[in-house]
């Protein structure tokens with residue numbers, strides 16, 4: 001058996017989610033190959049070749065893969081699938097977009113967002129916003145899996161020396177075209193891979209109050225997140241959203257500020273190692289999962305916390 | 001343009017889900033069911049296109065047990081013109097649903113299929129992408145805005161890294177995200193009117209699709225429970241606990 005992992009990258013470097021996905025692939029029996037498909041992405045293929053445990057890097061470089069459009073990526077995966085028992089991608093918006101289109105073309109029932117691997121054909125995944133865990137077995141000849149990245153350790157970035165093999169492109173479908181992007185720029189760590197996350201909810205009352213959280217985040221080297229309520233209200237952009245339908249995070253420390261703790265939000269953060277909740281409503285459900293709860297008005301508590309971090 | 005909106009009947013988003021004691025699934029008997037919230041957003045988007053003169057018919061379609069007719073009535077009460085129920089008692093996987101919808105698309109020839117990006121029961125996030133593959137149509141996922149043009153749709157997509165816009169050739173399959181709109185409530189007169197709107201009934205066999213599941217559900221369990229911890233009463237106490245007890249800062 002050989003396993004194919006689809007690298008997520010931006011044509012200049014690998015995204016951290018790729019390393020967790022390779023970590024998951026390492027729990028299956030067989031050599032692991034990594035597909036780097038993009039445009040002008042030779043540096044990514046070279047970076048990938050350094051990952052220990054990768055037997056081969058498959059480098060497919062063509063303009064139609066520049067924006068990873070699913071209509072172009074899926075025929076490429078189909079053309080390669082015959083050589084593999086499993087194809088894995090991270091359960092990020094990249095993997096969620098591309099994989100099901102390939103799965104349908106391969107007539108394979110994809111298993112989404114796996115959080116555990118029982119054997120080569122049996123996988124565990126959360127359903128109902130993580131309120132239940134399903135163990136499912138697949139008999140499809142090629143199994144397509146997206147991987148909950150917080151559930152698998154990332155592999156090391158260097159130390160290996162895999163062979164890089166060039167793969168022929170599969171052509172441009174012409175069905176969709178990239179028309180622009182508004183990518184959030186931040187000096188802070190990426191939300192899904194940060195060791196510490198500070199998140200704000202509806203209790204923040206306005207986007208103008210988020211700098212209070214950013215100040216704490218910067219002292220802790222943390223990423224800033226938000227609940228759906230805060231994103232829907234326009235306080236912060238969509239890529240801040242933690243929850244069932246946003247990002248799933250599992251940092252060492254998650255600080256929830258002014259977040260009530262709806263099940264849809266808990267679904268995205270309850271695997272965090274330590275949870276702190278600051279909320280003035282002592283009945284808020286967030287306190288039921290918090291290791292350290294502080295019942296307080298956040299507009300008083302957050303500046304005090306900021307000062308206490310300085311004092312230490 | 002005709003718009004097809006597939007909708008799913010799921011446990012109401014406000015109901016606490018319980019796992020069955022025999023680990024065969026989650027408890028569905030006597031539980032309040034509702035239209036999947038993302039599907040409501042898709043229905044709303046279709047209705048707004050019709051109201052803007054960009055579409056002339058909105059068809060809601062649902063596949064599943066006979067009670068899915070209630071979910072379709074909700075879509076009709078919101079304003080859809082007619083409904084199609086594909087009745088099947090099996091647990092329908094996304095690939096099966098995509099095959100059923102493909103067959104419906106071949107009969108109805110819509111210019112656009114609008115779906116929710118995921119259902120809040122299985123959290124699979126697959127059906128729209130799979131349908132687009134089977135039809136060979138363009139696909140835009142996680143839409144937070146959709147602009148209808150003569151030969152294409154311009155779609156803003158919500159990504160982990162921010163926003164992206166793409167142009168998708170018509171016909172297309174578009175899956176919708178939370179920020180696209182706020183769905184309307186059905187008014188009482190419209191709920192009454194919906195009872196008279198046409199609903200066709202089909203089966204998987206009518207559509208030539210094998211609806212049996214591919215995956216075997218070995219078991220469904222409760223997740224590990226998290227215990228509430230302690231309360232702190234000052235910033236100094238919190239920082240001390242995080243530094244010296246939890247050792248996470």
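The values are calculated or read from the model by the stated rules, or taken from the named source; none is laboratory data. Remember, it's a predicted structure, so these values are computed and weren't measured experimentally. Don't worry about glycine lacking a Cβ; one is built from the backbone with ideal geometry, like all the others, and counts go over all protein chains shown.
Out of the residues in the range A:59-81 that are under 22 Å from the mean Cα position of the chain (by Cα) and outside any helix (DSSP H, G or I), state the one that is farthest from residue A:145 (Cα to Cα). It comes out as A:66. Of all residues in the range A:232-256, exactly one satisfies the criterion of being without any contact (Cβ under 8 Å) to a residue 24 or more places away in the chain, in a helix (DSSP H, G or I) and farther than 24 Å from residue A:280 by Cα, namely A:238.
Would you be able to say whether some residue in the range A:206-214 is over 22 Å from the mean Cα position of the chain (by Cα) and either under 22 Å from residue A:154 (Cα atoms) or free of Cβ contacts under 8 Å to residues at least 24 places away in the same chain (or both)?
There is at least one residue in the range A:206-214 that is over 22 Å from the mean Cα position of the chain (by Cα) and either under 22 Å from residue A:154 (Cα atoms) or free of Cβ contacts under 8 Å to residues at least 24 places away in the same chain (or both).
Scanning the range A:160-194 for residues that are closer than 28 Å to residue A:219 by Cβ and either out of contact with any strand residue (DSSP E or B) (no Cβ under 7 Å at 6 or more places or on another chain) or exposed (fewer than 14 other Cβ atoms within 10 Å of the Cβ) (or both) returns A:183, A:185, A:186, A:187, A:193. At least 3 residues being within 14 Å of chain A (Cβ to nearest Cβ), modelled with pLDDT of 95 or more and under 16 Å from the mean Cα position of the chain (by Cα) is the threshold, and among the helices (runs of 4 or more DSSP H) wholly inside the range B:55-166 those reaching it are B:94-108, B:127-135. For the range A:138-152, state whether one or more residues are away from every other protein chain (no Cβ under 14 Å) and either closer than 21 Å to residue A:54 by Cβ or in contact with a strand residue (DSSP E or B) (Cβ under 9 Å, 6 or more places away or on another chain) (or both). Yes, the range A:138-152 has at least one match.
Considering only residues that are within 29 Å of the chain's Cα centre (by Cα) and either outside any loop (DSSP other than H, G, I, E, B) or more than 8 Å from chain B (Cβ to nearest Cβ) (or both), which ones fall in the range A:279-292? Selection gives A:279, A:284, A:285, A:286, A:287, A:288, A:292. Of all residues in the range A:260-274, at least one satisfies being in contact with a helix residue (DSSP H, G or I) (Cβ under 8 Å, 6 or more places away or on another chain) and either at positive phi or in a strand (DSSP E or B) (or both). Residues considered: A:276, A:295, A:242. Of these, the only one that is crowded, with 24+ Cβ neighbours inside 10 Å, modelled with pLDDT of 95 or more and facing chain B (nearest Cβ under 8 Å) is A:276.
What do you reckon, is residue A:91 surrounded by 17 or more Cβ atoms within 10 Å (Cβ to Cβ) and farther than 27 Å from residue A:45 by Cα? It is false that residue A:91 is surrounded by 17 or more Cβ atoms within 10 Å (Cβ to Cβ) and farther than 27 Å from residue A:45 by Cα.
Scanning the range B:213-227 for residues that are without any contact (Cβ under 8 Å) to a residue 60 or more places away in the chain, loosely packed, with under 15 Cβ neighbours inside 10 Å and part of a loop (DSSP other than H, G, I, E, B) yields B:224, B:225, B:227. Within the range B:16-26, track down each residue that is surrounded by 13 or more Cβ atoms within 10 Å (Cβ to Cβ) and assigned to a loop (DSSP other than H, G, I, E, B). Within the range B:16-26, B:17, B:18, B:20, B:23, B:25 meet the criteria. Quick check on the range B:199-212: of everything there that is surrounded by fewer than 15 Cβ atoms within 10 Å (Cβ to Cβ) and touching a helix residue (DSSP H, G or I) at 6+ places or on another chain (Cβ under 9 Å), which residue is farthest from residue B:106 (Cα to Cα)? Out of the qualifying residues, it is B:212.
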